[in-house]
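Worksheet: one structure, shown below.
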Amino acid sequence: MQDNNKILQENNGFKKLLHPNLSNFTNKHHLWTQFRNSFLTPRFLFPLVIRDQDYDDILNNNSKTSVRWLINRFMSKIFWFWPRIIDAAVWADSSDTAHYDPSYYLEFDSCAKLLVDNVDAYASGYDARILDLGCNIGRHLHALHSRGYNNLVGVDAMPAALQRFKDEFSIVAASCELHHDLFQRFLSKQTGRSLDILFTRGATIELVHPSFNIVKHMCDVTRGHVVLVIHETNQKFSCFYTQEFARHGFVLVKALRPVSQTLESDVNNPASLLVYQRGDLVL
Ligand SMILES: C[S@@+](CC[C@H](N)C(=O)[O-])C[C@H]1O[C@@H](n2cnc3c(N)ncnc32)[C@H](O)[C@@H]1O
C-alpha cells in the first residue's frame, strides 16, 4: 500500500520527502516536557544525592532498604527534579523475569546501517576512538569492527546483553573495551576528551533523568563528533538537544528528521539522526 507520506521525489540528485510527519516537534505536551527537562531541572543536585553505592545497587540488583535510599525515593516521588537513577534498574535486571531481551537488538536493520554509515563518514581514521553509549548486544560495534575500526568502546547496564555480545561476536567483544556500568557513572569517571566519536541509538540518553546533565558529560569526553539516532521529542526525558549541545560547544551539522524518510524498510521509525560537531574542531 502506498503511504502518501513516503512519496519520494528525485530533486537535483536528492531524494526528497514531500510530507514528513513532524507533528511531534510542535506538540505542546512534548514541547513542555522538553522545556522542563532542559531548562527547569536543577543539575547541581545530582552529585550531592547519587553515590557510588547507588550505582552498585542498581547494577547488582540489590534490594535497597537504607534510610538514605528511602528518603531519596520519597523525595523523587514528591519532586520531579529530584536526582534518580532508578530508571536504569529495568535494564540492569539480570533475573529470569527480566523485562528486556537482548535478542531484540541483534538484527542489523536499515536504521543500524544508517547510523554506522554516519559514524564511518565522520571518523577521522580506523584508529579513531569510538564509543557506543548503550551498546547492548553490539550490533553497531560489530559492523564498525567489520569495516576496520579497531579502537572501539561500549558501555551498557544490561549484563545479559554484554554476555550475548561476547557469545555472538566473540572476536569483536575481545578487541573492544566493554564496560558494565550506567552511562551516568561511566561518563562522570572519564577524564579529558578521550573519544573521537561518541554515538548512540536510542532510546538511550532519552532514558536518563535530566537531573544528570548527560549532554554536558557527552561533550566533555568527545573531541570530534557526536552521532545520535534518538527520539528527540516523545520520551519522558527528551530535551532540547540542539540547544544543550550548543551550550557545550557542539554544533548541529546534520539532521534527518525522521530517519524513516530514507529507510524504505522502516517507514514508521520516528527517530531522528543528528550529528553534532565540536565547534572549534580543526579537521
Ligand atoms: C533501547 S536499547 C538500545 C540498544 C542499542 N543502542 C541498540 O540499538 O542496539 C537501550 C539500551 O540502553 C541501555 N541503558 C538504558 N539506560 C541505561 C543507563 N542509564 N546506563 C547504561 N545503559 C543503559 C539498556 O541496557 C539498553 O541496552
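The values are calculated or read from the model by the stated rules, or taken from the named source; none is laboratory data. What you see is a predicted model, and the numbers here were worked out from it, not measured in a lab. Neighbour counts are summed over all protein chains in view; Cβ atoms, including those assigned to glycine, are modelled from backbone coordinates with ideal geometry. SASA here: full protein model, heavy atoms, side chains in, ligands and nucleic acids out. Shrake-Rupley method; radii C 1.70, N 1.55, O 1.52, S 1.80 Å.
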In degrees, nearest ten, helix 67-78 long axis to first principal axis of the chain (Cα): 50
Keeping all protein chains in place, calculate the accessible area per residue for the range 102-278 (probe 1.4 angstrom), answer in Å². 36
Computed about the Cα centre, the charge dipole of the range 102-278 from +1 Lys/Arg and -1 Asp/Glu charges at the Cβ has a magnitude in debye, to the nearest 20, of 520
Helix-only [θ]222 nm of the chain, DSSP H runs n ≥ 4, -39500 (n - 2.57) each, per residue, nearest 500: -9500 deg cm²/dmol
Just need the relative contact order of the chain here, percent rounded to a whole number, with Cα pairs under 8 Å and 6+ apart. 19
Give, as a single signed number, the net charge of other residues whose beta carbon lies under 15 Å from the beta carbon of PHE169, with Lys and Arg counted +1 and Asp and Glu -1. -2
Rounded, prolate or oblate (a/c below 1.5 giving rounded, otherwise prolate when a/b exceeds b/c) for the range 102-278 by Cα gyration tensor: rounded
Taking the Cβ of THR233 as the center, what net charge do the other residues with Cβ under 12 Å away carry, scoring Lys and Arg +1 and Asp and Glu -1? +1
State which entries of LYS77/LYS236; LYS216/LYS254; LYS64/LYS216 exceed 24 angstrom in Cα-Cα distance in the structure shown. LYS64/LYS216
Under the rule rounded for a/c under 1.5, else prolate if a/b exceeds b/c, else oblate, using alpha carbon gyration tensor axes a ≥ b ≥ c, the range 145-185 is classed as oblate
Prolate/oblate/rounded call for the range 220-283, Cα gyration tensor, a/c under 1.5 rounded: oblate
Hey, how many Å between the Cα centroid of the range 113-148 and the Cα centroid of the range 254-283? 15
How much of the accessible area of the range 102-278, probe 1.4 Å, is carbon plus sulfur, in whole percent? 49
Scoring only Lys, Arg, Asp and Glu (+1, +1, -1, -1) among other residues with Cβ under 10 Å from the Cβ of HIS209 yields +1
